[in-house]
1. Between I476 and Q507, how high is the FRET efficiency from 1/(1 + (r/R0)^6) when r is the Cβ-Cβ distance and R₀ = 22 Å? Nearest 0.05.
2. Hey, what's the Cα Rg ratio for the chain versus the globular rule of thumb, 2.2 N^0.38 Å?
3. Among K397/K543; K543/K583; K315/K384; K525/K558; K439/K543, which pairs are too far apart, with a Cα-Cα distance over 31 Å?
4. Suppose every Lys and Arg Cβ carries +1 and every Asp and Glu Cβ carries -1, with no other charges. What dipole size does the chain come out with about its Cα centre, to the nearest 20 debye?
5. Once you charge only the Cβ atoms, +1 for Lys and Arg and -1 for Asp and Glu, what is the size of the charge dipole of the stretch 361-477 about its Cα centre, to the nearest 20 debye?
6. When a footprinting reagent is the concern and you count Cβ atoms within 10 Å, what order do W41, W564 take, fewest first?
7. In percent, how large is the relative contact order of the chain, given Cα pairs closer than 8 Å and 6 or more residues apart?
8. Could you tell me the calculated FRET efficiency between Q57 and E311, based on Cβ-Cβ distance and R0 = 41 angstrom, to the nearest 0.05?
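No value in this document is a laboratory result; all are computed from the given coordinates. Quick caveat, the model's predicted, so the values are computed rather than measured. As a convention, Cβ positions derive from the backbone with ideal geometry for all residues, glycine included, and neighbour counts pool all protein chains shown.
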Amino acid sequence: MNNEGQKIPNESNINLHIEKYLENYLKLDKPEFAILLSGKWGSGKTYFINQIIKKNQSKKENIKFIKISLFEISSKDDLKHKIIMKLLGIENEKGFLNKSTQIGTKIINLFVKKLGLSIYDIPIEEILNKIDNKVVFIFDDLERANISFHEILGYINNYVEILKFNVIILANELEIDDEKYQKFKEKVIGKTFEVQHGFEEILTSFIHSTTDKSEKYLDNNKSLIIDIYNKADYNNLRHIKQILLDFEYFIKLIDEKYLENQNFYIDLIKVFFLLSIEIKAGKLNKDELLKHDSIVGCMTDTKEKDSAFEEILKKYELINQYSLVFSQPLLEKILFEANINKEELNNEILNLEYFEKEQESWKKLWNYYDLEDDKFNEYLKDIKIKFQNNEYIEHEKLLHVFGILLGLSRNGLYDIDIKDLIKKQKANIDDLMNDKFWKKKLYKYKNFTKYSLAYHEKDSSEFEVIKKYIEEKSKIAFDDGLINKAKDLLSHYTNGDIDLVNKKLEQDFFSIAIFSKMGYKEYIKMLQTTNHKNLYYIFSSYKNRYEKFRIEQNLELKNDLKFWENVYENILNGISKNTQKLKYFRLNDYKKNMKKDIIDKIKKFSSELIDK
């Protein structure tokens, strides 16, 4: 997949004939006809005309270009206003007011108001007469105007036939189905050109507009991106620019040490761009990406027809388990959600094939079919020692190691009885239940792992036994650890660290019934002793915790119900309505809200789900 260092073939200027024609056209005085540049959305028309403007300005030609986008123009007055603003230099290229000319705008508005006029009444001819430069009008996005073609074309025709200015129109003619347009074109357009983009030139321009970090890696791999672009056969430059911006954001999250590996970053660029293009083209969606259990073996010869995902793999000659670099769940976050945890990303990168020297023996043994005997024996010896000493703590790693050893035993490559293997693994798990990691991390099985590898023997009954055993014991260990976490949460409430509480409820305990592990008496004591201002923020921290969509996703939250019922029943105990009027009032108000926003919602939404 390594394309760095390949020379990109010279790409002839396919629009050179248009440039030469426009060069002569811009020299004409009062031409009385317009030029039309046609092309699909994203085909490079805007880039092309911007290059023409830039080239003429660099030659210090005495030309003032007035470039107007007709996108969502809804009346002739809107268009005239926009032209006046551009002529006076009050509006910039993107349609925003220049800060330096905002004072000028106020003066103009004051002036026209004093004369009893509006800005629309200013005669454009008077403004044009004051401009020393040659004025050229460029009207972009003709097909996207929110005004009838009869009106918009009549207005433009005024600049061509009556005022006799040089006028260039940009449009996607395929989207224009109007008889009046054809008559206008025959009358006003002197020459029509189909703009074709020179992708290499435009890509280079796009890359050089990115940050130094992404430019460094992209500039050396333009040939790779061009090859992907050509294979994709999806000629939309605006989407390519969006993909470049997405990549610019993404690559900032990757530790620099990993990008020093040339093979890794080249494959990274390839996968990121080809999948992004296929997504933009509507040929790949989230469900299609995720529905395959693993990259390994997802392409088979037994089906009559390949899925869209498999077609894409074949299209770009991606045929092995490392083809997509990352696991599909992480790819989903990268490509569809832009919700990427930097630590998770770099942890997964560490476990990729590119960094084998840093990998553990079990990871190297995963693909044991390709190993020579000396390496196989070396890695197996290390794994056997660590397995016997119970050194594998992380749930996923534990399950991977078991799957590998199970497969080796079944194939006669590891001398251990499968029943003894299961017995030892269960003993290891029992010992791990007191480990801090197990008390902090709840495990739920997923086919995808952060190691971008499928589990060995995952369809066997023995694997299923250990998988369930890990899940069951993990739940017990985690629940035991939750008691301490609930105490920590209560201490944050007591200290008034509500922002930290909010963060923990949203991130650490989003789907966990943490309040069920908290002592309700201690919680009530905290409420009764905290200052009144804190009560509002405390309640706000979980006011929306038990909405229907949350309970639908996490039915376990219903286990908090008993805690809140106890708080509701006892919250006013020990509070005197006569001597502590305000505290009684605030806590009673809190109690009413608790009934409405917590207790009633948990009962209602959890019972609805159970009934289903």
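1. So the FRET efficiency works out to roughly 0.45.
2. 1.34
3. Checking Cα-Cα distances, K397/K543; K315/K384 exceed 31 Å.
4. With only Lys, Arg, Asp and Glu charged at Cβ, the dipole is about 3160 debye.
5. With only Lys, Arg, Asp and Glu charged at Cβ, the dipole is about 720 debye.
6. In increasing order of surrounding Cβ atoms, one gets W41, W564.
7. 11 percent
8. Approximately 0.30, to the nearest 0.05.
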